[in-house]
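K.L.:
Dumping the structure here so I can ask a few things about it.
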């Protein structure tokens, strides 16, 4: 495309983005394309997510964490499918407010996460928009051929697990908007979970080896469990009382009168970027051991049964959630 | 990400986009990721361009042609590097004005170009934005290992060629904005060149086989020639009087008093999506034959010399263009 954001585009690429480029495959960000050698015996796994100011992030969110969140929501998709990430293409649609300090902050966030997750920039586009800022990334990873886990392989008798804790992203958004009242340190922890969720990249090989079905928890735990139930043509039962909570989410829950309603909110809030997975009952011990080796919290939250859709229980009683999540009802 | 554009996202994916999905690798657009098997002996070539309403396309441009232009500007990048396209990931940031008829029009444009260029949708994201609509695509293609042409291989003595005609995209934008006065059929031809440029996909294998350096003409012929000169550390001489023009561009040129200034405008307007390439002098005949076989216009516009940067001539006289193009000066 013609470089509309003329001087800005050149300097953004040369000064800010080039130091992030993959040493070989990105061709110095100077050649319009990235070139990846084939990796025999492996599949290439791709995902592409976009985030928009005022929709997926707040107008006053610091741009370094916006960049990190962009990478992380995409890394989360790869991790849930058992793929190991290596690089990404990036489109930046800079708004008027994105001057040099903001662009530098954004790039600092990219740099930080490139180091944490061992990924490199492969290419992309940088343009100015008269509207709100938005960004998209195409994240790429490898997995051994035909090993990629789908949502469609859960079988009756399988157990349902989730990594980490649930509800912090949803509570964190409220903390960031100051519509929540908790101790300052709880507020900080929740805001951090909202701004820089931790994709479970280190669990990808475990998912690949053991899961019959998996997804990342982005739409909400119940919604994503239902995606698995639908794709696998089975029923999934979820027990709300075992929902893994952070100390901050537990503090919030303790302040609520209706525990069941509060648990429902946490289980439908979304933005968790944990992995929900199903494994055969016989694999539970191995799975737990692998999680422990990684110091990763892992909770058994339900089971796969004959049938259709999801069934939610609280303290052994079937309940009908008022909503399922950011889903398509 | 949580599906903010709830019902819209679901229906957009299921009803509109799913019929466009790659039969195997897209996983029915139901699994967050695309999975590509490795193709031994081949490199994967990737490019990602974004287009924004009010910047890269006009607010009243029909959305079917916006979709086609999105794919074509990306296809053009692959063609210029000698890669054969097979699929793409797509991010749609729908604005308020993108209701169902607009989304259907957009998808009709995608469908049309998928058939023309034999490509399939692999995945992506669809979200709503409070700002102007924008779209980005990550286009992917194959090339035999290590065959991808860069901008950096031009050598003194090489000849410089360009496919098709130059200046129609730039004139077409003015035709679309009704700031140009020509016969209606000329106006139509130019608008078509602006809205649905024709990437030279069929020339990719020729570029791969013969070119020492190449680029697509998006920033403007002179700017893209200079990119090649800089990357190759050589000089490039361009003769303006041989600039290949469409009948419509010729009619416009005939209406101008200052021919040289008018040619400069055409050579710097950009948005052409032709291929500029350098080949050794000995390859000229083969190159011309390959272009003829494809009924593709091909024009020798200059030569590669020792030195640095570009030199522009008109009727044998060196001239200093008032600007080079949409570039980074």
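No value in this document is a laboratory result; all are computed from the given coordinates. Just so it is clear, the model here is predicted, and its values are computed rather than measured. In this analysis, Cβ positions are derived from the backbone assuming ideal geometry, glycine residues included, and neighbour counts consider all displayed protein chains.
K.L.:
Using only the alpha-carbon atoms, what does the stretch B:6-144 span along each of its principal axes? Please give whole angstrom values in decreasing order.
P.N.:
46, 30, 23
K.L.:
Separate question: Relative to the longest principal axis of chain A, what angle (0 to 90°, nearest 10) does the C-alpha long axis of helix A:63-80 take?
P.N.:
The angle comes out at about 50 degrees.
K.L.:
Considering the zone a paramagnetic label at residue A:259 would reach in this model (a point 7 Å from Cα along the Cα-to-Cβ line), which residues of the stretch A:137-176 have amide N under 20 Å from it?
P.N.:
Zone members listed by number: A:165-168.
K.L.:
Next up: Give me the distance in nm between label points sitting 7 Å out from Cα along the Cα-to-Cβ direction at residue A:284 and residue B:185, one decimal.
P.N.:
7.9
K.L.:
Name the residue, out of A:319, A:310, A:238, whose mean-square fluctuation peaks in a Gaussian network model built on chain A with Cα pairs under 10 Å.
P.N.:
A:319
K.L.:
Considering the alpha-carbon set of the stretch A:77-209 alone, what are its Rg and its Dmax in angstrom?
P.N.:
18.1, 55
K.L.:
Something else: When only C-alpha pairs under 8 Å and at least 6 residues apart count, what is the relative contact order of the stretch A:53-184, in percent?
P.N.:
In percent, rounded to a whole number, it is 33.
K.L.:
At 0.36 nm per residue, and after removing the present C-alpha to C-alpha distance, how many nm does the segment from residue A:145 to residue A:95 gain when stretched out fully?
P.N.:
Answer, rounded to one decimal: 13.9 nm.
K.L.:
For residue A:58 and residue B:295, FRET efficiency with R0 = 41 Å and r from the beta-carbon atoms, rounded to 0.05?
P.N.:
That pair, residue B:295 with residue A:58, gives E of 0.15.
K.L.:
Could you let me know the centre-to-centre spacing of the stretch A:81-154 and the stretch B:166-198, using Cα atoms, in angstrom?
P.N.:
36
K.L.:
Taking chain A as a Gaussian network, where each spring joins two C-alpha atoms under 10 Å apart, which residue of A:295, A:227, A:56 fluctuates the most?
P.N.:
Comparing A:295, A:227, A:56 in the GNM, the peak value goes to A:295.
K.L.:
Peptide A:121-128: average number of partner chain Cβ atoms within 10 Å per residue?
P.N.:
5
K.L.:
Quick one: of the DSSP bridges fully inside the protein assembly as shown, what percent are antiparallel, nearest 5?
P.N.:
Percent antiparallel among DSSP bridges in the protein assembly as shown is about 75.
K.L.:
Next question. Need one number: % antiparallel among DSSP beta bridges in the stretch A:159-319, to the nearest 5.
P.N.:
If I count the DSSP bridges inside the stretch A:159-319, around 80 percent turn out antiparallel.
K.L.:
Give the relative contact order (percent, whole number) for chain B; include only Cα pairs under 8 Å separated by 6+ residues.
P.N.:
Over chain B, the number comes to 22 percent.
K.L.:
I've got another one for you. What does the protein assembly as shown give for Rg and for Dmax, in Å, if only its C-alpha atoms count?
P.N.:
26.4, 89
K.L.:
Relative contact order (percent) for the stretch B:159-319, with alpha-carbon contacts under 8 angstrom and 6 or more residues of separation?
P.N.:
Worked out over the stretch B:159-319, it gives 42 percent.
K.L.:
Right, here's the next one. Report, as an integer, the average count of C-beta atoms from other chains found within 10 Å of each Cβ along A:21-32.
P.N.:
Mean inter-chain Cβ contacts per residue within 10 Å come to 4.
K.L.:
Where does chain B land on Rg(C-alpha)/(2.2 N^0.38 Å)?
P.N.:
Dividing the Cα radius of gyration by 2.2 N^0.38 Å gives 1.03.
K.L.:
Nearest 500 deg cm²/dmol is fine: what mean residue ellipticity at 222 nm does the protein assembly as shown get from its DSSP H runs of n ≥ 4 alone, each adding -39,500 (n - 2.57), divided by its residue count?
P.N.:
-10000 deg cm²/dmol
K.L.:
Distances in nm, one decimal, shortest first, from residue A:320 to the same residue in every other copy, taking the label point 7 angstrom along Cα→Cβ.
P.N.:
Computed spacing set for this position: 8.1 nm.
K.L.:
A follow-up question, please. Please work out which residue of chain B brings its Cβ closest to the axis of the rotation superposing B onto A, and round that distance to whole Å.
P.N.:
B:131, 1
K.L.:
For helix B:184-195, what angle does its Cα long axis make with the longest principal axis of chain B, in degrees from 0 to 90 and rounded to 10?
P.N.:
70
K.L.:
Follow-up question, since we're still on this one. Is there a simple number for the mean count of other chain Cβ atoms within 10 Å of the Cβ of residues in A:135-147, and what is it?
P.N.:
Per-residue shielding by partner chains comes out at 4.
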